[in-house]
């Protein structure tokens with residue numbers, strides 16, 4: 001594996017998600033208490049069909 | 001092997017007290033209904049719970065059920081859908097693995113009914129995913145497990161090292177084995193490369209490594225935020241802890257509370273300070289880790305070295321893999 005290899009889509013998606021969260025946390029300044037502050041399946045709602 | 005059958009359900013009075021007490025000072029609260037199998041309580045029990053919750057204004061309730069899925073039918077699924085419940089099912093893989101540890105009191109395996117339940121939940125779009133108990137029976141087959149789930153349209157998965165309690169026959173595994181298992185799952189996740197495949201153990205670490213903030217409970221460092229309430233009103237720490245006196249916080253009815261909750265909070269804080277003092281490179285990920293892994297009693301704050309080492313190996317493996325790709329984060333505005 002090297003840096004010229006195609007980047008897996010799962011990592012690109014994870015990066016995008018992390019970026020959104022990082023921005024949101026700054027904008028909302030709610031790192032200590034936010035929608036991710038849950039257990040088990042709270043962040044895993046099924047996607048609408 | 002046969003097991004004894006028992007079902008102790010919380011009374012309606014107790015249910016009302018529990019919901020009122022735990023929603024009294026918050027804007028949102030999550031109830032995770034566990035059992036045995038929580039559906040043994042019957043659909044009227046949950047209808048009552050929702051009825052009580054709806055009478056309480058200005059509080060957002062979220063209900064999560066972790067079930068073995070065997071009792072799920074159309075009525076349950078409609079109720080879950082109507083009331084916005086989130087349903088996780090416990091499934092340990094293909095029949096030969098699942099039935100080894102999960103069987104009825106008469107000794108028959110529960111796999112077929114569990115899969116039937118999952119299919120119904122999927123049809124009603126209330127199926128959140130599965131928790132796969134990892135034990136000696138399935139730990140050598142990470143790829144087979146993952147592909148079995150995907151072949152059955154199960155794309156949201158969490159692996160969990162099972163506790164050596166209850167009806168599990170042989171559970172004791174070394175942490176080294178478990179984290180090696182997760183590393184193989186991670187490699188397969190990368191290899192499959194499907195963004196719809198959601199493996200919680202992996203994605204929470206990847207997310208944090210990439211600068212995200214989505215944490216599952218074991219990496220929150222806030223174990224004292226979770227409590228377990230039993231049918232008799234006893235309140236204990238998170239149910240990952242054994243049900244022992246030192247984790248007893250109090251009782252709903254007697255209104256008598258110990259200082260164990262504060263002690264647990266204090267120990268978690270000291271543990272975090274210990275990690276920072278040791279300048280652990282991975283503290284930003286694990287926040288001290290899951291308390292059940294670290295606290296033999298409420299006075300011990302030192303990490304268990306073998307758990308830390310294996311967890312660190314897991315984090316490092318994922319980070320090294322990510323680092324091999326040229327992933328550039330966008331600048332976060334300050």
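Here, each number is a calculation from the coordinates, and none is a lab measurement. Small disclaimer: the values here were computed from a predicted structure and weren't measured. No Cβ is skipped: glycine too gets one built from the backbone with ideal geometry, and neighbour counts run over all protein chains shown.
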*Taking neighbour counts of Cβ atoms within 10 Å as a proxy for exposure, in what order, fewest first, do B:98, B:62 appear?*
B:62, B:98
*With chain B treated as a Gaussian network of Cα nodes joined by springs under 10 Å, which of B:213, B:185, B:131 yields the largest mean-square fluctuation?*
B:213
*asked:* Taking the beta-carbon count within 10 Å as an exposure proxy, list B:104, B:317 from fewest neighbours to most.
replied: B:104, B:317
*Max mean-square fluctuation residue, GNM over chain B, Cα-Cα springs under 10 Å, options B:307, B:190, B:130*: B:190
*For segment B:12-214, calculate the relative contact order in percent as a whole number, restricting contacts to Cα pairs under 8 Å that are 6 or more residues apart.*
16 percent
_Difference of contour (0.36 nm per residue) and Cα-Cα distance, residue B:116 to residue B:44_ = 23.7 nm
_Gaussian network model of chain B, Cα within-10 Å springs - most flexible of B:228, B:114, B:254_ = B:254
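Among B:273, B:216, rank each residue by its count of other Cβ atoms within 10 Å, from fewest to most, as a rough exposure measure.
The most exposed by this proxy come first: B:273, B:216.
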*If you count the DSSP beta bridges with both ends in segment B:12-214, what percent of them are antiparallel, to the nearest 5?*
5 percent
*When Cβ neighbours within 10 Å are restricted to other protein chains, what is their mean count per residue of peptide B:123-131?*
3
*What FRET efficiency, computed as 1/(1 + (r/R0)^6) with R0 = 51 Å and r the Cβ-Cβ distance, is obtained for residue B:191 and residue B:253, rounded to the nearest 0.05?*
0.45
_Centroid-to-centroid separation of segment B:106-126 and segment B:191-224 [C-alpha atoms, Å]_ = 27 Å
_Estimated distance in nm for a label pair at residue B:326 and residue B:54, the labels positioned 7 Å out from Cα along Cα-to-Cβ_ = 5.7 nm
*asked:* Below 8 Å between Cα atoms, with a sequence gap of 6+, how large is the relative contact order for segment B:223-323 in percent?
replied: 19 percent
*At a Förster radius of 25 Å, what calculated FRET efficiency corresponds to the Cβ-Cβ distance of residue B:273 and residue B:306, to the nearest 0.05?*
0.70
